[in-house]
Amino acid sequence: ELENRLADRLGVGYCIAMCNGTVALEIAVRALEFSGEVIVPSYTFIATAHALHWQQIKPVFADIDPLTHNLEPASVNQLITPETTGIIGVHLWGRPAPIEELQEIADTHDLRLAFDAAHAFGCSYRGTPIGNFGECEVFSFHATKFFNTFEGGAVATNNPELAEKMRLMRNFGFAGYDNVVHPGTNGKMTEIQAAMGLVNLDSFDDFISTNKRHFHQYHSRLDEMSAFSLINYDDAEANNYQYLIVEMTEEAGVDRDTVVDTLNAENVLARKYFWPGCHRMMPYRELQPNAGRDLPNTTRVAERVFSLPTGTGVDDKQIDLICDILAVACESRAETRESACNRSD
């Protein structure tokens, strides 16, 4: 029932529910028969890279567009080698990756294209729901997501052969009782996870409405502070508004880590995202020690971005308080700098 309702909401032919988003990504990678090298952004959750490395495939890290934080097609193009078999784009913060440009690159070089859509359930690109692009798109329904099944994930595709292959792979390759016809693993979603998903689907629009209201409240307050730039969404598209992402501006007189530490000290669950980039995490920083040389935008964004709390667990008064703390954090640092300058004079 959950698979059918998800497929209907996404407007896709097939939706295969999985125990979690990482296993869903691993099964998709194997079903697509990726090998050798696959190009991914470094600025993403580590599971995007691990899903490849776990299967002896080399994740090749491409840079991002500093404005969208999504894969930069020019960087992808430069990294293609005879060993490249695919590209995994990420719809970061729920904002679509450069779908058409990546598809053109994939078609030109005979590569398979998939998308990590962990952030993008309920979002669209040019009016078409995310889930319909590339060979397939992988969703996460982890508890941190606005739509969750406690833990879980799914793969959406319009390719019937690929869908059938992934259904077999998530259940040990069983095609009927005692009839194993394909290598597989245990990637099945449990009934209790599916039940949770069905309940949350009934409140889907309410969750998005709450997120959107919070987004606009943050937006109105942060617009008053030159130190911060809130990542925006295209109102012409469907958005889930589940991430409140702030980037420090050039005018900020305080560094990102100080701001996050200040918020945390006041019990505000702000966090850095996705610092310091996959290429600087293990094992990739040892396997690919020179990868960062070609990732200037990734480095810059990773050092400036942090997230703020949202969702149904946050109310309007708390958001105002969070914004007050942000204002004080900046004012305090500015006063400290001014005092230091006066002392030096």
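Note on segment 178-190: residues that are closer than 14 Å to I16 by Cα and either without any contact (Cβ under 8 Å) to a residue 60 or more places away in the chain or surrounded by fewer than 14 Cβ atoms within 10 Å (Cβ to Cβ) (or both) amount to 1. Among the conditions (1) in contact with a Gly (Cβ under 7 Å, 6 or more places away or on another chain); (2) of a type in the set (S, T, N, Q); (3) surrounded by fewer than 19 Cβ atoms within 10 Å (Cβ to Cβ), S203 misses just one, which is (1). Restricting attention to segment 63-75, the residues that are open to solvent by 50 Å² or more (accessible area, probe 1.4 Å) and in contact with a strand residue (DSSP E or B) (Cβ under 6 Å, 6 or more places away or on another chain) total 1.
Scanning segment 154-196 for residues that are on the phi > 0 side of the Ramachandran plot and in contact with a Ser or Thr (Cβ under 8 Å, 6 or more places away or on another chain) yields one hit, F172.
Filtered by the rule that a residue be under 26 Å from K58 (Cα atoms) and part of a loop (DSSP other than H, G, I, E, B), segment 1-34 gives C19, N20, L32, E33, F34. Scanning segment 78-91 for residues that are at positive phi and free of Cβ contacts under 8 Å to residues at least 12 places away in the same chain turns up nothing.
Checking D257, D294 one by one, the residue that is surrounded by 12 or more Cβ atoms within 10 Å (Cβ to Cβ), within 24 Å of T144 (Cα to Cα) and not aliphatic (A, V, I, L, M) is D257 and no other. One residue stands out in segment 261-290 among those that are open to solvent by 20 Å² or more (accessible area, probe 1.4 Å) and among the aliphatic types (A, V, I, L, M): the one that is farthest from the chain's Cα centre (by Cα), namely A265. Residues in segment 92-149 that are farther than 17 Å from P41 by Cβ, in a strand (DSSP E or B) and within 15 Å of the chain's Cα centre (by Cα): S124, F139.
Scanning segment 228-261 for residues that are modelled with pLDDT of 95 or more, farther than 29 Å from P129 by Cα and touching a helix residue (DSSP H, G or I) at 6+ places or on another chain (Cβ under 6 Å) gives F228, M248, V259. Select from segment 118-134 the residues that are in contact with a helix residue (DSSP H, G or I) (Cβ under 9 Å, 6 or more places away or on another chain), at negative phi and not β-branched (V, I, T) and list them in ascending order. Selection gives A118, H119, A120, F121, C123, Y125, P129, N132, F133. Any residue at all in segment 315-333 that is modelled with pLDDT of 95 or more and either more than 25 Å from F215 (Cβ to Cβ) or in a loop (DSSP other than H, G, I, E, B) (or both)? Yes; the residues of segment 315-333 include at least one that is modelled with pLDDT of 95 or more and either more than 25 Å from F215 (Cβ to Cβ) or in a loop (DSSP other than H, G, I, E, B) (or both).
To keep it simple, each residue is scored yes or no on (1) surrounded by 15 or more Cβ atoms within 10 Å (Cβ to Cβ); (2) in a loop (DSSP other than H, G, I, E, B); (3) of a type outside the set (V, I, T).
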position: E151; (1), (2), (3): yes, yes, yes
position: L162; (1), (2), (3): yes, no, yes
position: L168; (1), (2), (3): yes, no, yes
position: G176; (1), (2), (3): no, yes, yes
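The set of residues from segment 300-323 being under 17 Å from the mean Cα position of the chain (by Cα) and of a type in the set (S, T, N, Q) comprises S307, T310. Scan segment 76-87 and tell me whether some residue there is farther than 30 Å from D206 by Cβ, in contact with a helix residue (DSSP H, G or I) (Cβ under 8 Å, 6 or more places away or on another chain), assigned to a helix (DSSP H, G or I) and open to solvent by less than 10 Å² (accessible area, probe 1.4 Å). The answer is yes, given that some residue of segment 76-87 is farther than 30 Å from D206 by Cβ, in contact with a helix residue (DSSP H, G or I) (Cβ under 8 Å, 6 or more places away or on another chain), assigned to a helix (DSSP H, G or I) and open to solvent by less than 10 Å² (accessible area, probe 1.4 Å). All conditions in (1) buried (at least 22 other Cβ atoms within 10 Å of the Cβ); (2) free of Cβ contacts under 8 Å to residues at least 60 places away in the same chain hold for H50, with the sole exception of (1). For segment 92-120, the tally of residues that are touching a residue at least 40 places away in the same chain (Cβ under 8 Å) and open to solvent by 10 Å² or more (accessible area, probe 1.4 Å) stands at 6.
Taken over segment 44-75, the criterion of being under 21 Å from N20 (Cα atoms), part of a loop (DSSP other than H, G, I, E, B) and of a type in the set (S, T, Y) is satisfied by T44 alone. So which residues in segment 39-60 are touching a Pro at 6+ places or on another chain (Cβ under 7 Å) and closer than 13 Å to V90 by Cα, if there are any at all? Result: V40, A49.
The values are calculated or read from the model by the stated rules, or taken from the named source; none is laboratory data. What you see is a predicted model; the values in this text were computed from it and never measured. Backbone-built Cβ (ideal geometry, glycine too); neighbour counts: all protein chains shown. Each accessible area value is taken on the protein alone, full model and side chains, heavy atoms only, with ligands, DNA and RNA left out. Shrake-Rupley method; radii C 1.70, N 1.55, O 1.52, S 1.80 Å.
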